[in-house]
Amino acid sequence: MKRVKYMTAAMLLVAVTAVLSGCNNNKILNKLSDKGYFSNSYDNAILQTDIASKISSHFTNNSGTRKKAILITIDGFRAEGLEYMMGNDLGMLSIAKEGGLYWTKPANLDTKANIDIGVNFLSIVTGQEPSTFNVLKKTDAKRETPYSVMTTMSEKYRVKFLTDNKNYIDTQLAAEFDSKLTQQLSFTSCIDLNALRTESINNLDANDFIVAAVSNPYLVADGNFKMSNSAYLSALLHLNYYLADMYDEIKARVGEDWLIIVATTCGGKTKLALGNEEGNILTFMITNKKM
């Protein structure tokens, strides 16, 4: 009997250790961390819910130069894709060289909320964990409050929301935009990533804060988020060229202090995966300023 008790205690200890180690057993995380891409460790990952406050702080930090910002959220960008980006001195790598590449962490990892594009997008733009306002999956996302950073920023600044996925406008932001759209806050639904790129660049003059929600990689993957899916990998590379064009346009501007944040909502999980599969929960952000 004592032997059984000791074995049970040992098994419990192993289980607790596994929980406490969290993502330390994540093969993708360990591989990418060893490559030295990241400016922080996963243990010090930035919560997705902290991103909105970093944008607000940028505007309140009075340096005498006109403040502007762009937040680009990306659905379905698995962290393994970084290996195909970081060797090219454009787009993501160029932005990261000026600021950094940072692990982020979905605030809903320890809740009943799903790790999905709708829930995690709301974590980023509201600065709150969605389960606290009864959003557990993307189809729950019809809410007006808490207001997103787009709405709160529009009280003082001109704000533009752009997306290549009209579902964000029709669901996640519908009630909020219905009540809060003004001349200070507007949106455009784009037919594809090329149109989104054009709109992003065309709106740099007229707006102080732009949010671009990119779903192209998620939609193209069609449930297959492996790098062996050539269509998916091509979508990620195309996205990097979009970021390169946008970054070049911003660098050429004079008399403006820009904050650029490119943040993934989730990694995209395979159709056969159960729960929060290891590649899906690994999220990150790239910024032109050190965090």
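The values are calculated or read from the model by the stated rules, or taken from the named source; none is laboratory data. Computed from a prediction, not measured in an experiment: that's the story for all the values here. Protein only, heavy atoms only, side chains kept; ligands, DNA and RNA dropped before computing areas. Shrake-Rupley method; radii C 1.70, N 1.55, O 1.52, S 1.80 Å.
Across the chain, the mean sequence separation of Cα contacts (distance under 8 Å, 6 or more residues apart), normalised by length, yields a relative contact order of 29 percent.
By how many nm would the segment from Asn202 to Asn30 lengthen if fully extended, with 0.36 nm per residue of separation less the alpha-carbon distance? List each step's numbers first, then the result.
On the way: separation 172, 0.36 × 172 = 61.92 nm, distance 3.96 nm.
Gain on extension, Asn202 to Asn30, equals 58.0 nm.
Reachable aspartates and glutamates from Lys137, Cα under 19 Å, same-chain residues fewer than 8 places away excluded? Once the sequence-local aspartates and glutamates are set aside, what remains near Lys137 is Asp75, Asp110, Asp116, Glu129, Asp170, Glu176, Asp222, Glu277, Glu278.
Rounded to whole Å, the principal axis extents of the Cα atoms in the chain read 75, 42, 39, largest first. When every Cα-Cα distance of segment 147-291 is counted in 10 angstrom steps from zero, the calculated P(r) takes the values 10, 36, 36, 16, 2, 0 percent.
Taking a ≥ b ≥ c as the square roots of the Cα gyration tensor eigenvalues, segment 83-186 comes out oblate, since a/c reaches at least 1.5 and a/b does not exceed b/c. A full extension of the chain between Asp222 and Glu98 corresponds to an added length of 41.3 nm, given 0.36 nm per residue minus the alpha carbon distance. Expressed as a whole percent, the accessible area of the chain that falls on carbon and sulfur atoms is 51 (1.4 Å probe). Measuring between alpha carbons in the structure, the pairs from Lys251/Lys290; Lys269/Lys290; Lys97/Lys160; Lys54/Lys290; Lys31/Lys54 lying more than 21 angstrom apart are Lys269/Lys290; Lys97/Lys160; Lys31/Lys54.
On a per residue basis, the chain carries 46 Å² of accessible surface, using protein heavy atoms and a 1.4 Å probe.
Across segment 209-291, Cα pairs under 8 Å and at least six residues apart give a relative contact order of 27 percent. On full extension, the segment bounded by Glu83 and Asp245 gains 56.3 nm, given 0.36 nm per residue less the C-alpha separation.
Mind ranking Lys166, Lys27, Lys68 by accessible surface for me, highest first, 1.4 Å probe?
Lys27, Lys166, Lys68
Helices in the chain that qualify as membrane-span-like (whole DSSP H runs, Cα extent of at least 18 Å along the helix axis, mean Kyte-Doolittle hydropathy of -1.0 or higher) are 2-21, 230-251.
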